[in-house]
Amino acid sequence: MSTTTALPAHRAPDSFAILLMIGLCAIWGLQQVAIKTTNAAVPPVFQAGLRSTIAALLVWAWARSRGTPLFRDDGTLGAGLFAGVLFAAEFVCIFFGLTLTSASRMAVFLYTAPCFTALGLHWFVDGERMRRIQWLGIVVAFAGIALAFADGFLHPDAGATASAAHGSALAGAAGDALGVLAGIAWAATTVVVRGSRLAQTSASKTLFYQLTVSAVVLLALALTLGEVRVESVTPLAFASLAYQAVIVAFVSYLLWFWLLTRYIASRLSVFSFLTPMFGVTFGVLLLGESFSARFLIAALLVLTGIALVNAPAKR
């Protein structure tokens, strides 16, 4: 019995898909700034739960306005619920991981996701197999991410980290492991969407599954942790939460799942290496953070890796 899933052929990203992915990565990179500006008003887990709830309502309204059925039995329920649990697990791992390790280390371990995505798609989905040059591109791009955030490894005591506060290397290792688990959950979500009947349903329904399940899980977790509260809400915090819910969780994720129904997922996912690079860039521009020449070299490595993965095969 074959371990792969035969699905309708998807094509390599064209110029439209590439430009759209770059725009999505910029949106996701700016999200990190938005989360930071909202944390003082709304605790992180409750913030993520609210974001998913608002976005789920927007997806429902969007689907209703377009006549797209969300509740029709089309055989996607099992895969949809599973993808929703994975989607929620990713955010849970990130939240708890950041209480144990630094943001720089979390960024590196979280962005192992495109590597796991390529492996999962290569093994389980026909039409997603990678050539040697493309695997090299994955390695080069990940090396760029590791170089960009090397300070988090060379100087682990810099910044406010839980491992420094408790003097516990074991806690830091646990946080790193949660970062890897978050990357695996992210990759598994993409593989489930691409390798199941979700690949043949609407992007709206695929996203609705994930948002509704994650909203329930995250709000329940926030209630358990005693985080269901709102402090003094500033206009900036309100705008930041609106950005996360409307632009990120609704618009950008809807476009992402639409892309997955048409293009080779492994070639799309490698573009996500750009997200933390955009995050650093926006941190410099909007929060006054600094960066070194190492970051420019790292950005070049990421771009080189993306180019290798999307290079056309020699005839």
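Here, each number is a calculation from the coordinates, and none is a lab measurement. Just so you know, these numbers come straight off a predicted model, no measurement behind them. So basically every Cβ, Gly included, is an ideal-geometry build from the backbone, and we count neighbours across all protein chains shown.
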- Note on the structure: Comparing Ala237, Ala265, Ala118 in a Gaussian network model of the chain (Cα, 10 Å), the one with the largest mean-square fluctuation is Ala237
- How far, in nm, would the chain grow between His122 and Leu296 when pulled straight, counting 0.36 nm per residue and subtracting the alpha carbon separation? 59.5 nm
- Which stretch or stretches of region 210-231 have amide N atoms under 13 Å from the point lying 7 Å from Leu81's Cα along the Cα→Cβ direction? 213
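Please report the net charge: other residues with Cβ closer than 12 Å to the Cβ of Tyr263, K and R +1, D and E -1. Display every interim value, and only then the final one.
Working: positive: Arg11, Arg194, Arg262, Arg267; negative: Asp14, Glu128.
Taking every Cβ under 12 Å from that of Tyr263, the sum is +2.
Placing unit charges on C-beta atoms (Lys and Arg positive, Asp and Glu negative, everything else neutral), compute the dipole magnitude of region 15-309 about its Cα centre in debye, rounded to 20. Could you put the intermediate results ahead of the total?
Details: 16 positive and 11 negative charges, 153 e Å.
So the magnitude is around 740 debye.
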- Message: Using a 7 Å offset from the Cα along the Cα-to-Cβ direction at both Leu136 and Arg11, what is the distance between the two label points in nm, to one decimal?
- Response: 2.8 nm
- Calculated P(r) tail over 18 Å for region 198-255, as whole % of Cα pairs: 52 percent
- Message: What's the ranking of 67-79, 187-199, 25-37 by average number of surrounding C-beta atoms within 10 Å, highest first?
- Response: 187-199, 25-37, 67-79
- Take each of the peptides 122-128, 270-276, 13-19, average the number of other beta-carbon atoms within 10 Å over its residues, and list them starting from the highest. 270-276, 122-128, 13-19
- Quote the charge dipole size of region 202-315 about the Cα centre in Debye, to the nearest 20; the model charges only the Cβ of Lys and Arg (+1) and of Asp and Glu (-1). 660 debye
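Order 211-218, 137-144 from most to least packed using the mean count of other Cβ atoms within 10 Å.
211-218, 137-144
Please arrange Met277, Met130 by how many other C-beta atoms lie within 10 Å of their C-beta, fewest to most. Write down the numbers at each step before the final one.
Values: Met277 23, Met130 19.
In increasing order of surrounding Cβ atoms, one gets Met130, Met277.
Quickly estimate the mean residue ellipticity at 222 nm for the chain, helices only: each DSSP H run with n ≥ 4 gives -39500 (n - 2.57), and the total goes over all residues, rounded to 500.
Working: 15 runs with 216 residues, N = 315.
So the calculated ellipticity at 222 nm is -22500 deg cm²/dmol.
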- Positive end of the charge dipole of region 15-309 (Lys, Arg +1 and Asp, Glu -1 on Cβ, about the Cα centre): tell me which of Cys25, Thr201, Thr117 has its Cα farthest that way. Thr201
- Message: Let's see if you can work this out: charge +1 on each Lys and Arg Cβ, -1 on each Asp and Glu Cβ, no other charges. What is the dipole magnitude of region 1-135 about its Cα centre, in debye to the nearest 20?
- Response: 240 debye
